[in-house]
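Participant: One structure coming up, written as structure tokens, with questions to follow.
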Amino acid sequence: MNSIKSIAVFCGSSSGVNPIYEQKAIELGIYLGSNGYPLVYGGGNIGLMAKIANATLGAGGKVTGVLPHFLNKKEVGHVALSKLILVDSMHERKQKIEQLSDAFIAMPGGFGTLEEVSEMLTWAQLGLHQKPIGLYNINGFYSSLLKQLDVMALEGFLKPQNREMVLENTDPSELIKSLKSYMPVSVLKWLKPDQS
């Protein structure tokens, strides 16, 4: 079992077109806040980011935001957080979020969300951390991505053990339960040249 104290959530700065995304962001935030899991996220006050932060705070939870200076200048920073950490770059933002978190959840989002969860998976694959990573698969949002990961494994570009690093659920409590029971595996990447 993993000792999970704080959980990072990556999600969209948009709310999407379907109201279910906002509803589920609020549901996850309430779950985190009411169950004593501090939230770590990108620090924004727009889209799903605002919904989950406000819901966590409203349920009595603590929320830490990590935001680059250039985004804070555009007035997207949340001013009512437990703590807001300002950093110099997007890369430094991911590093700080990783340092502050014991597990990661990706909600629906765009390029930024996909890039953030992909980097956490890559770091785990390379052994830079052993923290669990889950997809909050609302409305089948990540089902196509999960199928693509299966193709990567089938075609030999992703080891089966690394494919299994990606946890998935549609229910917050079940997703967090799987994060807590995740057992990391050590798998060497293809670091030797092909013997052909």
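The values are calculated or read from the model by the stated rules, or taken from the named source; none is laboratory data. What you are looking at is a predicted structure, and each value in this text was computed from that prediction instead of being measured. Quick reminder, even Gly has a Cβ in these numbers, built from the backbone with ideal geometry, and neighbours come from all protein chains shown.
Participant: For residues in the range 92-111 being polar (S, T, N, Q) and surrounded by fewer than 17 Cβ atoms within 10 Å (Cβ to Cβ), which is nearest to Val40 (Cα to Cα)?
Facilitator: Step by step, filter the range 92-111, then rank; the result is Gln99.
Participant: Against the definition (at pLDDT 95 or above and either under 17 Å from the mean Cα position of the chain (by Cα) or surrounded by 20 or more Cβ atoms within 10 Å (Cβ to Cβ) (or both)), how does Leu39 come out, yes or no? Break it down into steps so the answer makes sense when it comes.
Facilitator: Numbers: at pLDDT 95 or above: yes; either under 17 Å from the mean Cα position of the chain (by Cα) or surrounded by 20 or more Cβ atoms within 10 Å (Cβ to Cβ) (or both): yes.
Answer is yes for this residue.
Participant: Would you pick out the residues in the range 1-36 that are buried (at least 19 other Cβ atoms within 10 Å of the Cβ) and of a type in the set (A, V, I, L, M, F, W, C)?
Facilitator: If the condition is that a residue be buried (at least 19 other Cβ atoms within 10 Å of the Cβ) and of a type in the set (A, V, I, L, M, F, W, C), then Ile7, Ala8, Val9, Phe10, Cys11, Ala25, Leu28, Leu32 are the ones that fit.
Participant: Count, please, the residues in the range 72-91 that happen to be at pLDDT below 90, surrounded by 14 or more Cβ atoms within 10 Å (Cβ to Cβ) and either more than 19 Å from the chain's Cα centre (by Cα) or not in a strand (DSSP E or B) (or both).
Facilitator: Qualifying residue count for the region: 3.
Participant: Given the conditions (1) within 26 Å of Leu128 (Cβ to Cβ); (2) at pLDDT 95 or above, report the number of the one that Ser3 does not fulfil.
Facilitator: (2)
Participant: Applying the selection to the range 150-170, what residues are under 13 Å from Thr122 (Cα atoms), buried (at least 17 other Cβ atoms within 10 Å of the Cβ) and within 20 Å of the chain's Cα centre (by Cα)?
Facilitator: Selection gives Asn162, Met165, Val166.
Participant: Could you pull out the residue among Ser3, Ser14 that is of a type outside the set (Val, Ile, Thr), part of a loop (DSSP other than H, G, I, E, B) and either within 14 Å of the chain's Cα centre (by Cα) or closer than 21 Å to Asn169 by Cβ (or both)?
Facilitator: Details: Ser14 fails: either within 14 Å of the chain's Cα centre (by Cα) or closer than 21 Å to Asn169 by Cβ (or both).
When all the criteria are applied, what remains is Ser3.
Participant: Out of all the residues in the range 42-53, which are surrounded by 19 or more Cβ atoms within 10 Å (Cβ to Cβ), at negative phi and of a type outside the set (A, V, I, L, M, F, W, C)?
Facilitator: Gly42, Gly44, Lys51
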